[in-house]
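The values are calculated or read from the model by the stated rules, or taken from the named source; none is laboratory data. In this text the structure is predicted, and so the values were computed from the model without any measurement. Cβ placement follows ideal geometry from the backbone for every residue including glycine, while neighbour counts extend to all protein chains displayed. Remember, those area values only see protein heavy atoms, side chains included, never the ligands or the DNA or RNA. Shrake-Rupley method; radii C 1.70, N 1.55, O 1.52, S 1.80 Å.
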Amino acid sequence: MNPFANGFPGTSVAETQGIRVEVRCAYIPEQSAPQARRYFFAYQVTIGNVGTVPAQLISRHWIITDGEGKEEHVKGPGVVGAQPRLS
């Protein structure tokens, strides 16, 4: 099942210096356990170059904030082990 197939109001879009980042999130009830206060979400991140200068994704730093304000930082080189060029 594609959790993003029917759309989801949890979408955030930002554009800086010609780079557009769109993040969609979807709650996955099958993998959640609300009685244990465990909630599972899936994220889909789309990065695109809407500017006129080529770019390359060198590293990432995601800040994920839960419903109680707790932050989780995810840092690393590239994304999924790659450093794609964005024409």
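Among all residue pairs at least 6 apart or on different chains, which show Cβ distances below 8 Å where the first residue, located in segment 68-82, is over 18 Å from Thr46 (Cβ atoms) and the second is open to solvent by less than 100 Å² (accessible area, probe 1.4 Å) and part of a loop (DSSP other than H, G, I, E, B)?
What qualifies is Glu72/Asp66; Pro77/Ile58; Pro77/Gln83.
Would you mind listing the strands (runs of 3 or more DSSP E) fully within segment 6-75 where at least 1 residues are closer than 15 Å to Leu86 by Cβ, modelled with pLDDT of 90 or more and open to solvent by less than 50 Å² (accessible area, probe 1.4 Å)? It would help to see each step written out before you state the result.
Details: elements: 11-16, 19-27, 41-49, 59-65.
So the answer is 19-27, 41-49.
Can you name the number of the only condition in (1) surrounded by 10 or more Cβ atoms within 10 Å (Cβ to Cβ); (2) out of contact with any Pro (no Cβ under 8 Å at 6 or more places or on another chain); (3) on the phi > 0 side of the Ramachandran plot that Gly78 fails?
(2)
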